[in-house]
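Trainee: Let me begin by handing over the structure; questions about it come next.
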Amino acid sequence: AEADYYCIFQDDIVFCKNVEGYLASIELPKIFSIFKPSDYLNNDGIWSKQESGAKLWMAQTFFIHRSLVQSLLTNRSIWKIAGNKQVDNRVGYWAKEKGQGIYYHCPSLCQHIGESSTIWNKASLANRRSANDFIGEDLTPLVHHP
């Protein structure tokens, strides 16, 4: 069976309990993350829409609907970003080019715990590299029953 979503998990991360059951109970955008960097503000509801293009931040947990995966993987524009890193910037560039918003779940259901970075020598989890609203590893988000 073909998956509905394909996932990109990056860096060292931890999840709250029952993420899969919770996600199965809500309506999902075509591209989303359950990790929300601390400087992405909450919108009304559970999704914070970002349209930052190549300035998108943090690719810890990208979920991409199967109808979009082929377009992402075959897009030559994303290779305009030098090097072979910056997955977040590449996905953001592609999404903006395709007119797709990327949605970050509020509150964060995942936390970035990796101190080191392949991009910055003196990386820390301060500021934008962590979620300021992670519900915690021991908590379970409420499952919505239609």
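The values are calculated or read from the model by the stated rules, or taken from the named source; none is laboratory data. Quantities reported herein were computed from a predicted structural model and do not represent experimental measurements. Counting neighbours? That spans all protein chains shown, and the Cβs are built from the backbone with ideal geometry, glycine included. Remember, those area values only see protein heavy atoms, side chains included, never the ligands or the DNA or RNA. Shrake-Rupley method; radii C 1.70, N 1.55, O 1.52, S 1.80 Å.
Trainee: If you go through region 66-80 one residue at a time, do you hit one that is of a type in the set (Val, Ile, Thr), surrounded by 16 or more Cβ atoms within 10 Å (Cβ to Cβ), closer than 20 Å to residue 9 by Cβ and touching a residue at least 24 places away in the same chain (Cβ under 8 Å)? It would help to see each step written out before you state the result.
Mentor: Filtering region 66-80 for residues of a type in the set (Val, Ile, Thr) gives 69, 74, 78.
If we keep only those that are surrounded by 16 or more Cβ atoms within 10 Å (Cβ to Cβ) as well, we get 78.
With closer than 20 Å to residue 9 by Cβ added as a condition, the list becomes 78.
Next, only the ones that are touching a residue at least 24 places away in the same chain (Cβ under 8 Å) stay: none.
The answer is no, given that none of the residues of region 66-80 is of a type in the set (Val, Ile, Thr), surrounded by 16 or more Cβ atoms within 10 Å (Cβ to Cβ), closer than 20 Å to residue 9 by Cβ and touching a residue at least 24 places away in the same chain (Cβ under 8 Å).
Trainee: Given the conditions (1) out of contact with any strand residue (DSSP E or B) (no Cβ under 7 Å at 6 or more places or on another chain); (2) part of a helix (DSSP H, G or I); (3) modelled with pLDDT of 85 or more, which single one is not true for residue 95?
Mentor: Among (1) out of contact with any strand residue (DSSP E or B) (no Cβ under 7 Å at 6 or more places or on another chain); (2) part of a helix (DSSP H, G or I); (3) modelled with pLDDT of 85 or more, residue 95 violates only (1).
Trainee: Just checking, does region 70-84 include any residue being of a type outside the set (A, V, I, L, M) and within 23 Å of residue 131 (Cα to Cα)?
Mentor: Initial filter on region 70-84 (of a type outside the set (A, V, I, L, M)): 70-71, 74-77, 79-80, 83-84.
Filter again for within 23 Å of residue 131 (Cα to Cα), leaving none.
Within region 70-84, none of the residues are of a type outside the set (A, V, I, L, M) and within 23 Å of residue 131 (Cα to Cα).
Trainee: Ok, one more. Which of (1) surrounded by 15 or more Cβ atoms within 10 Å (Cβ to Cβ); (2) at pLDDT below 75; (3) β-branched (Val, Ile, Thr) is the odd one out, the single condition residue 102 does not satisfy?
Mentor: Unmet condition: (2).
Trainee: Can you name the condition, by its number, that residue 123 falls short on among (1) at pLDDT 90 or above; (2) more than 17 Å from the chain's Cα centre (by Cα)?
Mentor: So the condition that residue 123 fails would be (1).
Trainee: Looking only at region 6-27, which residues are hydrophobic (A, V, I, L, M, F, W, C) and either part of a strand (DSSP E or B) or surrounded by 16 or more Cβ atoms within 10 Å (Cβ to Cβ) (or both)?
Mentor: Restricting attention to region 6-27, the residues satisfying the condition of being hydrophobic (A, V, I, L, M, F, W, C) are 7-9, 13-16, 19, 23-24, 26.
Passing the criteria: 7, 8, 9, 13, 14, 15, 16, 19, 23.
Trainee: While we're here: Checking residue 3 against (1) surrounded by 13 or more Cβ atoms within 10 Å (Cβ to Cβ); (2) over 14 Å from the mean Cα position of the chain (by Cα); (3) assigned to a loop (DSSP other than H, G, I, E, B); (4) small (Gly, Ala, Ser), which single condition isn't satisfied?
Mentor: So the condition that residue 3 fails would be (1).
Trainee: I've got another one for you. Would you be able to say whether some residue in region 50-66 is modelled with pLDDT under 85, of a type in the set (Ser, Thr, Tyr) and under 14 Å from the mean Cα position of the chain (by Cα)?
Mentor: So far as region 50-66 goes, yes, one or more of its residues are modelled with pLDDT under 85, of a type in the set (Ser, Thr, Tyr) and under 14 Å from the mean Cα position of the chain (by Cα).
Trainee: Among the residues that make up region 34-43, is at least one of them touching a residue at least 12 places away in the same chain (Cβ under 8 Å), in contact with a strand residue (DSSP E or B) (Cβ under 9 Å, 6 or more places away or on another chain) and open to solvent by 30 Å² or more (accessible area, probe 1.4 Å)?
Mentor: Yes; the residues of region 34-43 include at least one that is touching a residue at least 12 places away in the same chain (Cβ under 8 Å), in contact with a strand residue (DSSP E or B) (Cβ under 9 Å, 6 or more places away or on another chain) and open to solvent by 30 Å² or more (accessible area, probe 1.4 Å).
Trainee: All but one of (1) buried (at least 16 other Cβ atoms within 10 Å of the Cβ); (2) modelled with pLDDT under 80 hold for residue 83; which doesn't?
Mentor: The one condition residue 83 does not meet is (1).
Trainee: Has region 24-39 got any residue that is at pLDDT below 90, of a type in the set (Ser, Thr, Tyr) and either more than 18 Å from residue 112 (Cβ to Cβ) or within 14 Å of the chain's Cα centre (by Cα) (or both)?
Mentor: yes
Trainee: Please go through region 96-110 and give me each residue that is out of contact with any Asp or Glu (no Cβ under 8 Å at 6 or more places or on another chain), free of Cβ contacts under 8 Å to residues at least 60 places away in the same chain and not acidic (Asp, Glu), ordered by number. It would help to see each step written out before you state the result.
Mentor: Initially, region 96-110 is screened for residues out of contact with any Asp or Glu (no Cβ under 8 Å at 6 or more places or on another chain), giving 97-100, 103-105, 109-110.
Among the residues that remain, those that are also free of Cβ contacts under 8 Å to residues at least 60 places away in the same chain are: 97-99.
The answer is 98, 99.
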